[in-house]
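Engineer: Here you go, one structure.
The values are calculated or read from the model by the stated rules, or taken from the named source; none is laboratory data. The model shown is predicted, which means the values in this text are computed figures rather than measured ones. Cβ coordinates were reconstructed from backbone atoms using ideal geometry, including for glycine residues, and neighbour counts include every protein chain displayed. Calculation scope for accessible area: heavy atoms of the full protein, side chains included, ligands and nucleic acids excluded. Shrake-Rupley method; radii C 1.70, N 1.55, O 1.52, S 1.80 Å.
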Amino acid sequence: MSRARRGALLALALCLPLIGQACELVLSEHRSQRELMRLPLDPAQPRADVAFTHSVLGTPVLDRYEWRTGANGWRAHLVEEQFDGEGYGLPSAPGPGERLERVQSGERGFSRLTLDRVVAPLVVRPLPAQHMRVQVPGHAPVLLGDLSAQAIQLRARGCPDTAQ
């Protein structure tokens, strides 16, 4: 066998574990780890939104997460919160390194908090009254209450280590 052919076969053998491994958002029950669903993520920028209705104000809230890899593996980072109004659980002032701004969109505006907070593990309780849903770019929103009544963990799997 030629040296070039051996080199090509070695390269193929090294790549085989990666074939079929997609960058995905895995949704599973937090305590049992029973897998509920997988959604494809952009391997260049793995991210997803968790959207819901504020339990007191009845206004929309959107939390944007990015998954980043580091010494502790893949972890979710809360990078943006969008919300309308002031109330329990909503930020009223930015913390260190954060930015809070008012954004005008059509007739209504909303507040946007830009931050970088590690959320590990990322666990969501799918309360039906809040219409808790996950939105991945390019795909229809997934209503979490339709998947389980248990707390749901969201984690990235199979994404390349180069994603930031």
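Engineer: Sort through Pro141, Pro160, Pro121 and tell me the only one that's in contact (Cβ under 8 Å) with a residue 40 or more places away in the chain, within 19 Å of the chain's Cα centre (by Cα) and more than 19 Å from Trp74 (Cα to Cα).
Structural biologist: From the options Pro141, Pro160, Pro121, the qualifying one is Pro141.
Engineer: Now, a different point. Scan segment 85-138 residue by residue and report those that are among the aromatic types (Phe, Trp, Tyr) and surrounded by 12 or more Cβ atoms within 10 Å (Cβ to Cβ).
Structural biologist: Phe110
Engineer: Continuing with the same structure: Quick check on segment 148-159. Is at least one of its residues in contact with a helix residue (DSSP H, G or I) (Cβ under 7 Å, 6 or more places away or on another chain) and at pLDDT below 95?
Structural biologist: Looking for residues that are in contact with a helix residue (DSSP H, G or I) (Cβ under 7 Å, 6 or more places away or on another chain) and at pLDDT below 95, one finds none in segment 148-159, hence no.
Engineer: Name the single residue, out of those in segment 61-71 being modelled with pLDDT under 95 and either more than 17 Å from the chain's Cα centre (by Cα) or not polar (S, T, N, Q) (or both), that is farthest from Leu25 (Cα to Cα).
Structural biologist: Ala71
Engineer: Sticking with this one: Just to be sure I understand the filter: pairs with C-beta atoms under 7 Å, separated by 6 or more residues or on different chains, first member in segment 68-95 and touching a residue at least 60 places away in the same chain (Cβ under 8 Å) and over 13 Å from Val50 (Cβ atoms), second member open to solvent by 30 Å² or more (accessible area, probe 1.4 Å) and among the basic types (Lys, Arg). Which pairs pass?
Structural biologist: Matching pairs, first to second residue: Arg68/Arg75; Trp74/Arg155.
Engineer: If you don't mind, there's one more thing I want to ask. When segment 20-74 is examined, which residues are found to be outside any loop (DSSP other than H, G, I, E, B), surrounded by fewer than 17 Cβ atoms within 10 Å (Cβ to Cβ) and in contact with a helix residue (DSSP H, G or I) (Cβ under 7 Å, 6 or more places away or on another chain)?
Structural biologist: Correct list: Thr53 only.
Engineer: Answer yes if at least one residue in segment 98-113 is in contact with a helix residue (DSSP H, G or I) (Cβ under 7 Å, 6 or more places away or on another chain) and either charged (D, E, K, R) or within 18 Å of Val61 (Cβ to Cβ) (or both), and no otherwise.
Structural biologist: no
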